[in-house]
Amino acid sequence: MRVFGKTDVGLVRKVNQDFIYFSQVPVGGFPNLFIVADGMGGHNAGDFASRYAVESFLEYVRASKQEALIRIVDEGIKYANKKIIKKALEDPSLRGMGTTMVVAYIEDDQLFVANVGDSRLYLMDDSVHQVTEDHSFVATLVRAGELTPEQARNHPDKNIITRAVGASEDIKVDFFEVDLERGDQILMCSDGLSNMVEDDMLYDIIKNTYICDVVDELIDEAKNNGGSDNIAVIVIDPYDVEVN
């Protein structure tokens, strides 16, 4: 397995509210672990929220004695949710903060994914597949047939999300499971990438760029298209082995 990841502030924002974590070695009971979080909130609240959510999730993972990994993911995200809400109540400068979260791990040729918000996980095999479903206002309209995906991409309300870690005590987490095969690659990203780069271009860059350079190429493409938001990227090749 080879994994590369990076965040970038982009060309417009002054603060980077995106945060990533990835480990190819075991974390708690997990054989590997990958996380993208895109924070929201005024001043420094968004960057605090994304980092704090991931740190709280990892705290739960490392302490958990639960054997069912997918349950640890669910409980860990809910634990992070409670901690963000509590912290926001304690500090007025953090009121209204929240974050998206995409959490993934790979076990026995299967990819397990959990999602809250509009950060995404894609599977790249012989085409591009968005595995996660966006929890956003425009995504709801697309699913209802009221907007096309192209209209949603340029909609003025495209940044309104309908579900976030820290937004409500009753948080719902979506789960997905995907069978992996040799040649598959995985992309996890914030909307700073997915809003700025078309899916076909994401696929083209991932499939035609040496994996060490893919993350930088994706970030550069988002910036070439305006770079209007922070950019978070993790690229995973489950079957590629580094040759020394």
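Is there any pair with a first residue in the range 82-93 that is small (Gly, Ala, Ser) and a second that is assigned to a helix (DSSP H, G or I) whose Cβ atoms are under 6 Å apart and which are 6 or more apart or on different chains, and what are they?
88/94
Under the condition of being in contact with a Leu (Cβ under 8 Å, 6 or more places away or on another chain) and not in a loop (DSSP other than H, G, I, E, B), which residue from the range 39-57 is surrounded by the fewest Cβ atoms within 10 Å (Cβ to Cβ)?
The selected residue is 48.
Give the range 151-164 a look and list any residue that's at pLDDT below 90 and part of a loop (DSSP other than H, G, I, E, B), or say none.
Looking only at the range 151-164, we keep the residues that are at pLDDT below 90, and these are 151-162.
Hits for the range 151-164 are 154, 155, 156, 157, 158, 159, 160, 162.
Would you confirm whether or not the range 4-26 contains a residue that is part of a helix (DSSP H, G or I), at pLDDT 95 or above and aromatic (Phe, Trp, Tyr)? If you could, list the steps in order and put the result at the bottom.
Going residue by residue through the range 4-26, those that are part of a helix (DSSP H, G or I) are none.
Within the range 4-26, not a single residue is part of a helix (DSSP H, G or I), at pLDDT 95 or above and aromatic (Phe, Trp, Tyr).
Would you confirm whether any residue within the range 130-147 is touching a residue at least 60 places away in the same chain (Cβ under 8 Å), out of contact with any strand residue (DSSP E or B) (no Cβ under 7 Å at 6 or more places or on another chain) and not acidic (Asp, Glu)? Give the steps one after another, and end with the answer.
Narrowing the range 130-147 to residues touching a residue at least 60 places away in the same chain (Cβ under 8 Å): 130.
Right, trim to out of contact with any strand residue (DSSP E or B) (no Cβ under 7 Å at 6 or more places or on another chain) and you get none.
Within the range 130-147, not a single residue is touching a residue at least 60 places away in the same chain (Cβ under 8 Å), out of contact with any strand residue (DSSP E or B) (no Cβ under 7 Å at 6 or more places or on another chain) and not acidic (Asp, Glu).
For the range 53-75, give me the residue count where each residue is touching a strand residue (DSSP E or B) at 6+ places or on another chain (Cβ under 8 Å) and not aliphatic (A, V, I, L, M).
Of the residues in the range 53-75, 3 are touching a strand residue (DSSP E or B) at 6+ places or on another chain (Cβ under 8 Å) and not aliphatic (A, V, I, L, M).
Can you find a residue that is in a loop (DSSP other than H, G, I, E, B), surrounded by fewer than 15 Cβ atoms within 10 Å (Cβ to Cβ), touching a residue at least 24 places away in the same chain (Cβ under 8 Å) and of a type in the set (Val, Ile, Thr) anywhere in the range 165-172?
Checked the range 165-172: no residue is in a loop (DSSP other than H, G, I, E, B), surrounded by fewer than 15 Cβ atoms within 10 Å (Cβ to Cβ), touching a residue at least 24 places away in the same chain (Cβ under 8 Å) and of a type in the set (Val, Ile, Thr).
In this structure, does residue 68 turn out to be exposed (fewer than 15 other Cβ atoms within 10 Å of the Cβ) and of a type in the set (A, V, I, L, M)?
Values: exposed (fewer than 15 other Cβ atoms within 10 Å of the Cβ): yes; of a type in the set (A, V, I, L, M): yes.
Judged against the criteria, residue 68 is a match.
The values are calculated or read from the model by the stated rules, or taken from the named source; none is laboratory data. Values in this document were obtained by computation on a predicted structure and should not be read as measured data. Cβ sites come from the backbone with ideal geometry, for glycine too, and all protein chains shown count toward neighbours.
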